[in-house]
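Below: one structure, written as structure tokens.
No value in this document is a laboratory result; all are computed from the given coordinates. Quantities reported herein were computed from a predicted structural model and do not represent experimental measurements. Cβ placement follows ideal geometry from the backbone for every residue including glycine, while neighbour counts extend to all protein chains displayed.
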Amino acid sequence: MTLALHIFDTATQVAVSKIAFWGGLLIQVESTAPALGAKKLMTLYLDFDGVLHPYCVYRTPNGLELRAEGYLFMHAPVLETVLNSTPNQVDIVLSTTWAFHLGLEEAARQLPPTIQSRVIGSTWEPAVEEYDPFSWRMLSRFDQIARHAARHGISPWVALDDDNDRWPEDEYASLILCHRMLGLGVEATQVELARKLAE
């Protein structure tokens, strides 16, 4: 059975993209957006663990290791497909602890080139962060993102994350919450991401 999702421009109510699924797999993206007109800028705050692979990632003497079924960044191709389908321009800010531990450049290097090219920064900014590392880690994921967005004047934005701890109820529209083990492998999450990136 094939399921097709049409994404509409909220201003014109014209279909600008179509995403098709078959057997739970993202199989086709078709853009029907008009060529004229500037794209809207949307910023995606991207977590890694629990989103692009299961959250069970551990630091070992041999590097970072996934201790669950699958492999690191197994859902990156899905994210790549959704990003390519949106009628908007999407910049990415890393909201993952990978940027905290490895640094922005090394964390971004883990992503496919087409996603990596969209990365403009990370929520952990040691050069400007007013908090010491321990205090910053104690902030909720929402607070880390909201402070970064306010500092850089970023709006609108959405977050793709498996961490909703202390996320304000009135800000839930900005969160695409992932199942910690299934991440972006869930069809409904892919649909929600595509819809919110196109808003």
- Calculated FRET value between E171 and N62, using beta carbons and R₀ = 25 Å, to 0.05: 0.05
- Message: Please list, ordered by chain and number, the residues whose modelled amide H lies under 5 Å from the amide H of V119; skip anything fewer than 5 residues away on the same chain.
- Response: I92
- Message: How would F134, F73 line up from fewest to most surrounding beta-carbon atoms within 10 angstrom?
- Response: F134, F73
- Note on the structure: Distance in nm between E105 and V186 label points, each 7 Å along Cα→Cβ, equals 3.7
- Computed ³J(HN,Hα) along the range 188-197: with the Karplus parameters 6.51/-1.76/1.60, θ = phi - 60°, integer Hz and x for glycine or proline, the list is 4, 5, 4, 5, 5, 4, 4, 5, 6, 5
- Query: Cα centroids of the range 93-129 and the range 166-199: how far apart, whole angstrom?
  - Reply: 20
- Note on the structure: Rounded to 0.05, the calculated FRET efficiency for the beta carbons of K39 and A150 at R₀ = 30 Å is 0.80
- Cα gyration tensor, the range 35-197 - rounded (a/c under 1.5), prolate or oblate: rounded
